[in-house]
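None of the figures in this text is laboratory data; all of them are computed from the coordinates on show. The shown structure was predicted, so the numbers you read here are calculated from the model rather than taken from an experiment. Heads up, the Cβs are rebuilt from the backbone with ideal geometry, glycines too, and the neighbour counts pull from every protein chain shown.
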Amino acid sequence: MGSDTEAEKSIQKEKKRVITLAPIAKPLAGKKLQKRTFKLIQKAAGKKCLKRGVKEVVKSIRRGQKGVCVIAGNISPIDVITHLPILCEEAGVPYVYVPSKEDLAQAGATKRPTCCVLVMLKPAKGELSAEDLEKLKTDYEQVADDIKELSSSEREDNWRHNALPAQRVFADVAKAISKFEPVTVCASSAQWENARKQLPEDIRVVEMSMNDSWFRDSGPTFVVRKKPSKLSSFNRNVAGIDWNFNAWGGADEGCYNDWSDDLLVSKKILAVERIPRFQHSMILEGGSIHVDGEGTCLVTEECLLNKNRNPHLSKEQIEEELKKYLGVKTFIWLPRGLYGDDDTNGHIDNMCCFAKPGVVLLSWTDDETDPQYERSVEALSVLSNSIDARGRKIQVIKLHEGEAKPRLAGTRLAASYVNFYIANGGIIAPQFGDAKRDEEAIRVLSETYPHHSVVGIENAREIVLAGGNIHCITQQQPAEPISLADNGH
């Protein structure tokens, strides 16, 4: 295994990139908005519709020039730009921060690090052709609208329409689960009152700071030990593993730049529930593993072996850590996850899951022209030739995908019916508005879980638009004292 020193260096490197951002760097563009913004800057630079540097940007805004102001978040000393957001607000100019002055310079076609730029619809001299203006205006208005929404809500780089449609779906999920078992919903201080109003009194609402809502990945992985932990004052068989988290890829490839609140989510949940906590330095998300409760674990090479997670660990070393902490013995490695699941680098919970020990539900398509077809056939071959920890040959049940609908032009929406939640006597399943496939998914799940009531959640696409699904926003907490795992601590 890689040494603790190597692991610590990897963790510190990620943290360093986060803390170099200035404290005033808000609103901060997420990865998706960054890409759109840099694309806009590149176009504007090519058409000479770009002002660079504090002096030029400030002068233009004071002269009444309208535009979109983009500011680097890693400027030092920060007082160089502290007056710029105030100036933008007074002039009605939308502004947004991006993490790096180097990236900003590259987008603006200059070698010198750039602290800020102003994107305009008119060049300093002359006029754009009608065709060029229309192309630039389309991207300009999209970025300007995204910035305004980002400034007015939490994580509007990820959730559309101020997250209101998604909040309604979150509430529907919570209410559906509450019919079968107790539910706790975590909400930020800004959203606590809103959440409380949308949810019935029997659902507990806890205030918790977070960078985003994917508790399957930022929250703890619960295990049930044979004996209560001697290292904790909580006399509980149930324990929680607090994995390291880097927003699915770290400073360079992650989905957002600041995940400092997410790093504390597991610790806070376990403290609230008074459950023993075992911290691990390995980067791992709950959606990247799926276990059968009898010693077998499903994972994908695309995610767990990705260099943006644990580059200092080999496949065998990752297996050893999971064996120790999850109590598993056998691994089934699929090469890839669901096509289009780029945000997570192919989480297993979008591709397949255990219906019960020895039986796996697999996301499937019969369309040989669909890019998912190759991945599903590949996974079917691996699963069909696998033996679980109890010596059983894996049985596969195909769960057909719904019709793929776009998120942005050219971007696949990773909508999978496999990404559901199992409650005590209930299955909470996504519905995507594809009547044929929605109905088929309910039928297959009802046949697979004959002793559960299957509840379909309408408009689950609102969650998928942000990169996840029902399984991703939930985290089950096992009851005492069932014995499933003993991690030896």
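Straight-line cross-link reach from K436 at under 24 Å between alpha-carbon atoms covers these lysines, not counting any fewer than eight positions away in the same chain: K398, K405. Candidate values [x] 74, 51, 47; [y] 70, 48, 44; [z] 83, 52, 42 were compared with Cα extents along the principal axes in Å computed on the shown model; the agreeing label is [x]. Here the simple spin-label model places points 7 Å from the Cα toward Cβ, and for E253 and V359 these points are separated by 3.6 nm. Rounded to the nearest 10 degrees, the inclination of helix 315-326 to the longest alpha-carbon principal axis of the chain is 60 degrees.
Take the alpha carbon gyration tensor of the stretch 86-128, find the square roots of its eigenvalues, order them as a ≥ b ≥ c, and report rounded if a/c is under 1.5; if not, report prolate when a/b exceeds b/c, else oblate. Oblate, because a/c is 1.5 or more while a/b does not exceed b/c. Each residue of the stretch 21-151 gets 95 Å³ once the volume of the Cα convex hull is shared out per residue.
Taking the stretch 62-82 and a reference point 7 angstrom along Cα→Cβ of K135, the backbone N atoms nearer than 20 Å belong to 68.
As a check on your grasp of the helix formula, calculate [θ] at 222 nm for the chain: sum -39500 (n - 2.57) over DSSP H runs of n ≥ 4, divide by the residue count, round to the nearest 500.
Working: 17 runs with 171 residues, N = 489.
Only helices count here, giving -10500 deg cm²/dmol.
Averaging the sequence gap over all C-alpha pairs within less than 8 Å and six or more residues apart, then dividing by the number of residues, gives the stretch 21-151 a relative contact order of 38 percent. Computed from Cα positions, the angle between helix 164-178 and the longest principal axis of the chain comes to roughly 10 degrees. In this Cβ point-charge picture (+1 for Lys and Arg, -1 for Asp and Glu), the chain has a dipole of about 1480 debye about its Cα centre.
A dipole drawn for the chain from +1 and -1 charges on Cβ atoms has a positive end, and of V117, G46, N211 the residue lying farthest that way is V117. Taking amide H positions as modeled 1.01 Å from N, with prolines and chain starts lacking one, the residues under 5 Å from A423 and 5 or more places away or on another chain are I428.
Distance between the modelled labels on R112 and K329, one decimal in nanometres: 6.7 nm (7 Å Cα→Cβ projection).
Please give the contour-minus-distance gain from K179 to D367: 0.36 nm per residue of separation, less the Cα-Cα distance, rounded to one decimal in nm.
Details: separation 188, 0.36 × 188 = 67.68 nm, distance 3.71 nm.
Full extension of this stretch gives 64.0 nm more.
Once fully extended, how much extra length lies between V272 and E127, figured as 0.36 nm per residue of separation less the alpha-carbon to alpha-carbon distance?
Numbers: separation 145, 0.36 × 145 = 52.20 nm, distance 6.10 nm.
That pair, V272 and E127, stretches by 46.1 nm at full extension.
Compute the length gained on full extension between Q317 and N459: take 0.36 nm times their separation in residues and subtract their Cα-Cα distance, giving the result in nm to one decimal. Kindly include the intermediate steps, with their values, before the conclusion.
On the way: separation 142, 0.36 × 142 = 51.12 nm, distance 4.05 nm.
Taking Q317 through N459 to full extension adds about 47.1 nm, to one decimal.
For K393, the aspartates and glutamates whose Cα falls under 20 Å of its own Cα, not counting residues fewer than eight places away in the same chain, are D292, E294, E378. Spin-label model, E374 to Q142: label points 7 Å out along the Cα-to-beta-carbon direction sit 2.6 nm apart. Measuring between their Cα centroids, the stretch 433-453 and the stretch 190-235 lie 29 Å from each other.
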